[in-house]
1. Can you tell me what percent of all Cα-Cα pairs in chain A are more than 33 Å apart?
2. I'd like the antiparallel share, as a percent to the nearest 5, of DSSP beta bridges with both residues in the protein assembly as shown.
3. By accessible area of protein heavy atoms, probe 1.4 Å, what ranking do C:R273, A:R213 get, highest first?
4. I need the shape label for the stretch B:9-185. Rule: rounded when a/c is under 1.5, else prolate if a/b > b/c, else oblate, with a, b, c from the alpha carbon gyration tensor.
5. Roughly how large is the C-B contact in terms of buried accessible area, totalled over both chains, probe 1.4 Å, nearest 100 Å²?
6. Could you please state how large a percent of the accessible area of the stretch A:15-82 is carbon and sulfur, counting protein chains only and using a 1.4 Å probe?
7. In chain C, with Lys and Arg counted as +1 and Asp and Glu as -1 at Cβ, which of these residues, C:F34, C:G69, C:L118, has the Cα nearest the positive end of the dipole, that is, farthest along it?
8. What does the charge dipole of the stretch B:69-137 about its Cα centre add up to, to the nearest 20 debye, if the Cβ of each Lys and Arg holds +1 and the Cβ of each Asp and Glu holds -1?
Amino acid sequence: MYVAVKGGERAIANAHRLLADRRRGARDQAELEVGQIEEQLRLAVDRVMSEASLYDPELAALAIKQASGDIIEAVFLLRAYRTTLPRLAVSEPLDTGAMRIERRISAAYKDIPGGQILGPTYDYTHRLLDFMLLAEGEAPPPERAERALEACPPLLELLDAEGLIERETDNGCEPADITRDPPDYPVDRATRLQMLARGDEGYLLALGYSTQRGYGRNHPFAGEIRLGHVEVEIFVEEWGEAVCVGEIALSECQMINQFGGSRDAAPQFTRGYGLAFGHSERKAMAMALVDRALRAEELGEEVQGPAQQAEFVLAHADSVEASGFVSHLKLPHYVDFQSELELLRRLRREHDRRECDMGPDAQPEDSL
Amino acid sequence: MPWPTLNDPVHDSQRLFRQLLAAMSEPGTRYTLDAPQPPDGEIGPALWGTLLTLCDLDTRVWLAPEWDTAALREALALHTGSRVTECAEEADFALVTPDTMGKGPDFSLGSDEYPDRSTTLLVVLDDLEGAEEWRLSGPGIADCRVLGLGAAARPLMARLIANQNHFPRGLDTILTCGARLAAIPRSTRIEEGA
Amino acid sequence: MNGYNFAYLDEQTKRMIRRALLKAVAIPGYQVPFGGREMPMPYGWGTGGMQLTASILGAGDVLKVIDQGADDTTNAVSIRAFFERVAGVETTTATGTANVIQTRHRIPEAPLAPDQILVFQVPIPEPLRFIEPSEQETRLMHALEEYGVMQVKLYEDIARYGHIATTYAYPVKVDGRYVMDPSPIPKFDNPKLHQSDALMLFGAGREKRLYAIPPYTRVESLDFEDHPFEIQRWDESCALCGSRESFLDEVITDDAGGRMFVCSDTDYCLTRRGELA
C-alpha cells in the first residue's frame with residue numbers, strides 16, 4: 001500500500017537545525033562576532049548595504065553572518081527587513097561635492113586640484129597571497145596626512161565650465177520610488193539609477209564589460225571616482241531649515257563618454273553616473289557604464305547591445321528577484337509535469353498508430 | 001466634537017476591507033458596516049469607515065461641496081493623512097452625491113493601458129432601498145440582481161450606464177446610506193427596471 | 001511575532017494592496033501593477049500570494065495552504081507555518097472549513113463556497129510574455145485587445161502536433177475582455193474558474209502584478225471551433241480512493257518502473273477514503 005510522504009514540517013525544522021550547525025562550524029573555532037564582520041569584512045558589508053538599499057553596517061554584518069557569507073542571501077535578509085521599516089522622513093539630496101574625501105582619482109587628468117588621493121585601494125597591490133595574514137600578524141597603523149583634504153568640487157565641473165560636457169540639472173520633478181511603486185517601462189533616468197543602484201554587482205559588471213567589448217560601445221573615461229563620507233540632512237518644517245542627521249560612506253563614479261551632438265547642437269562629452277553605499281568602487285563604475293549605455297535612445301544612438309536594452313537590463317538586475325525565481329525551480333512542479341507527461345504519451349501513441357496504419361512499406365506521399 | 005476613528009486600526013480595517021471586497025465582488029449586494037459614527041449632519045458610518053479603511057498619505061480625495069466641511073477635512077487629515085484635492089481628475093476617491101454626477105466633474109477613468117488609475121466614487125445616498133429598480137448583471141452576479149434606489153439616484157445611474165461604453169476604462173462606485181453600502185464596479189451592466 | 005505587525009506587512013502596504021485588489025475585482029482579468037514588497041521568502045516561492053493573503057487575512061479566518069494540491073508539500077507547510085507565526089490564525093487542511101485558501105498550481109477538487117477566497121501564487125502573470133517579452137508591448141496588446149498572436153501560437157501547436165500543446169497555465173479570456181494567465185494550474189482546473197462561487201485572487205510578487213476573477217464570472221479557455229478545449233483524462237483511477245474525476249499524480253513505486261496514480265488533492269482523497277471506509 002502506497003502512503004504519501006508526510007512530515008514536511010519536521011523535515012524543515014531539522015534542515016534549519018542542520019543549517020545552524022553548519023553555520024557555526026567546528027566548535028573549537030571561536031564564533032564570529034558581528035562586530036568583527038563589520039570591521040574586517042567591510043567590503044562585503046558595503047556590498048550588502050548597497051544591494052539591500054539599507055545603510056546599516058551592523059545589520060548588514062549580521063545578515064552576512066546569518067547567511068554564512070552568502071552575499072546574495074545576506075542582501076535578501078537585509079532587504080526583507082528593510083521593507084518592514086516605517087518611513088520617518090525624506091532626506092535632502094546628498095551633496096557629494098561636499099564629501100569628506102578618503103579617496104579621489106581621475107583617469108582623465110594627470111593631476112587634479114587637491115591631487116590624486118589613492119586612499120584604501122586594492123589597485124596596485126600585487127595579488128600574492130599574504131601568508132602573514134595566516135599567522136595573525138598585526139597590521140601597522142597607516143600614515144595620515146597632516147591635515148584633512150578640503151572639500152573638492154566635482155571635477156567634471158571644470159569641463160562643464162568650458163561647455164565641453166553635457167550639463168546635468170535638477171528638473172525639479174519628484175523622482176519615482178522603486179521601493180514603493182512597480183517599474184512602469186519605459187522608466188526615466190532617476191528610476192533607472194535607483195534600479196541600477198540596488199542591482200547585482202556581478203550582473204552590472206558583466207553588462208558594463210560588454211559595452212567595452214563592442215556591444216553598445218560608449219568610449220568611457222573614468223572622469224572622477226571619489227569615496228568618502230557625506231552628511232545626510234533632513235528638512236525640519238518647524239525649524240524652517242535642514243539639519244544633519246548623520247553621515248554615510250559613499251562611492252561615486254562620474255564617467256566621461258564620447259560626444260553627443262548634431263548639426264544643430266555643438267558636440268559635447270556625455271555622462272554616465274554610478275553611486276553606491278560604502279566602498280563599492282567596482283559597483284559604482286559598472287553602474288556608470290550601464291547608466292550611459294541605457295541612455296542610448298535619449299542620445300540618439302542605435303540600440304544594438306544587450307546593455308542598451310533598458311527593459312531587459314533593468315528587469316533582471318535585482319539579485320533578490322533573480323535568485324528567488326531561479327531557486328523556485330526547486331519547488332515541486334509535479335502537477336504541471338504530469339500534465340506534460342500525459343500529453344507527450346498521447347502524442348507518441350498517436351504517432352505510433354499513424355506509423356502502424358501506414359504499414360512498414362508505406363511511403364510518405366510527398367516522396368512518391 | 002472630534003470625529004471617531006477605528007478602535008483597533010489593524011483588525012477593524014481588515015474587517016471593513018473584507019466587507020468592501022465582498023461588496024465589490026458581488027455588485028448590488030448590501031452590507032452593513034460596523035464603523036464609527038461621525039457627528040450628526042455629517043457623512044454616515046459606512047462612508048467614514050470606507051475612508052478610514054482605504055485612505056492614507058498616498059491617496060487624494062475630492063469632496064462634493066455639500067459635504068465639504070471643515071470638520072471632515074480636519075478628520076481626514078488627522079485620521080488618514082490623505083490629501084484633499086480640488087482637481088476631480090487627480091482624485092483617487094471622490095465623495096459625491098447623485099447631483100454631483102449630474103453636473104459632471106471629470107473624474108479619471110484611467111487609461112486603456114492602466115484602467116486601474118481611475119477614481120472610485122463614494123456616494124452619499126438618502127436611500128439604498130428605494131422604489132426605482134435597476135437590474136444589474138455581469139461579473140459577481142450569478143444571473144441578475146435587482147437594486148432599488150430612490151429617484152434622486154437617477155443622475156448617478158445615468159452616468160454609470162454611460163460608464164459602460166468606456167470599459168475597461170471607467171468609474172467604480174460605492175453607494176452608501178448611513179451604515180449600509182453596496183458597490184457597482186465598472187464591469188457591471190446596468191439596465192433600468194427589474 | 002515580536003517586532004512585526006499582524007500578518008507581517010505594515011498597514012500602509014496592506015492599504016495599498018487592498019486598494020489595488022478592489023480595482024482588480026472591478027476590472028476582471030486585468031493585471032493591476034502594485035508596489036510589491038520583499039517578503040521573508042524568496043521571489044518565485046509565493047511572495048505575491050502571500051502579500052495578498054496578508055492583506056485580506058483577519059484574526060478570525062481559517063487558512064489552508066496547498067502546493068500541487070497537497071497540504072503537506074514543504075512549501076505549503078512553510079507558508080502555513082509563516083501565517084501561524086505572524087498572524088496567529090487557525091489553519092486547516094480541510095477545504096470545506098477554510099475561509100482563505102492559498103494555492104500553488106491547483107484548484108481544489110471540491111467545489112468552493114461563496115464565502116471562500118482562493119489566492120493563487122503566480123510566477124509570470126503575463127499570458128503573452130512567451131510570445132512577446134517586452135512589457136511595453138504586451139501592455140499595449142491588452143489595451144488594444146490585440147490577442148491574435150495568442151491564437152496563432154495555439155494554432156501552430158495544432159499544425160505541428162494535432163493538439164494544442166499547452167497543458168498548464170492555459171490562457172483564458174475573462175468576461176469576454178482580458179486574456180489572463182490562470183497561473184500554472186493544469187488545464188484540467190480551468191473549467192473550475194468559470195462561474196465559480198468563490199472569489200479568486202492572483203498575486204505575482206516579483207512581477208508586482210495582482211488580478212482577480214470575481215465569483216460568477218464568465219471564464220473561457222481559448223480554443224478553436226475545430227479544436228475545442230478539452231481537459232486531461234486518465235485511463236487509471238486513484239489507487240487510494242478510486243476517484244476517476246480528480247487530477248492524478250503519477251507515483252513511481254519501484255526501480256522497475258512500477259507506477260500508480262493517486263489524487264493530487266490530498267484533502268479530497270482523504271475525505272473520499274473516509275466516506276468509503
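The values are calculated or read from the model by the stated rules, or taken from the named source; none is laboratory data. Just so you know, these numbers come straight off a predicted model, no measurement behind them. FYI the Cβ positions are ideal-geometry reconstructions off the backbone, even for glycines, and counts take in every protein chain you see. Surface accessibility is based on the protein's heavy atoms, side chains included, excluding ligands, DNA and RNA. Shrake-Rupley method; radii C 1.70, N 1.55, O 1.52, S 1.80 Å.
1. 46 percent
2. Working: 70 of 101 bridges.
Rounded to the nearest five, the antiparallel share is 70 percent.
3. On the way: C:R273 75, A:R213 145 Å².
The residues order as A:R213, C:R273, largest area first.
4. On the way: a/c = 1.37, a/b = 1.20, b/c = 1.14.
Note, shape of the stretch B:9-185 comes out rounded.
5. Working: alone 13350 and 9200 Å², together 19310 Å².
Roughly 3200 Å².
6. Values: 1950 of 3930 Å².
Ligands and nucleic acids excluded, carbon and sulfur reach 50 percent.
7. Value: C:F34.
8. On the way: 5 positive and 15 negative charges, 50 e Å.
The calculation lands at about 240 debye.
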